[in-house]
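Reviewing the structure listed below.
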Amino acid sequence: MQENFVTSQQEPIMVVVSCANAEEAKKIAQNLLDKRLVACAQVGSQIDSMYRWEAQIETAQEVLLQLKTFRALWGELEKEILLMHSYSVPEILAVPILEISHYYYVWMMKELFSEK
């Protein structure tokens, strides 16, 4: 990807969300795809999570949801996830994509920003 033609709002990002289970992850993914807030969603395998919660160390089995989108859509995407997620404080992380195939980038732009 050529840095000089991509503005910060056109910057591709990967959003990672920890979900309670695969059903929740798929429901969130489908909603975001339907609203054209993500170009791609991947529901991963179950993981074992350990975290601090209310001064205690907790463990849980969770499912990771990975989403490909653009920085310009972050605000709306985060709101949608918060509305649907079962956790009171869900993990929602945006990670910059440093390099991306030109063809994949063009496909993402077309899917999310072209008139349909």
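The values are calculated or read from the model by the stated rules, or taken from the named source; none is laboratory data. Values in this document were obtained by computation on a predicted structure and should not be read as measured data. With ideal geometry, Cβ positions are generated from the backbone for all residues, glycine too; neighbour counts draw on all protein chains shown.
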* For the subset of the range 66-89 comprising residues that are under 14 Å from I13 (Cα atoms) and polar (S, T, N, Q), which member is surrounded by the most Cβ atoms within 10 Å (Cβ to Cβ)? -> T69
* To do: Return a yes/no flag: does the range 57-65 have any residue that is assigned to a strand (DSSP E or B), free of Cβ contacts under 8 Å to residues at least 60 places away in the same chain and exposed (fewer than 10 other Cβ atoms within 10 Å of the Cβ).
  => yes
* Going through the range 75-107 one residue at a time, which ones are more than 20 Å from L64 (Cβ to Cβ) and not in a loop (DSSP other than H, G, I, E, B)? -> G75, E76, K79, H102, Y103, Y104, Y105, V106, W107
* Structure fact -> E24 vs (1) of a type in the set (D, E); (2) surrounded by fewer than 16 Cβ atoms within 10 Å (Cβ to Cβ); (3) at pLDDT 95 or above: all pass except (2)
* Could you list, in sequence order, all residues of the range 90-116 that are surrounded by 10 or more Cβ atoms within 10 Å (Cβ to Cβ) and among the charged types (D, E, K, R)? => E91, K110, E111
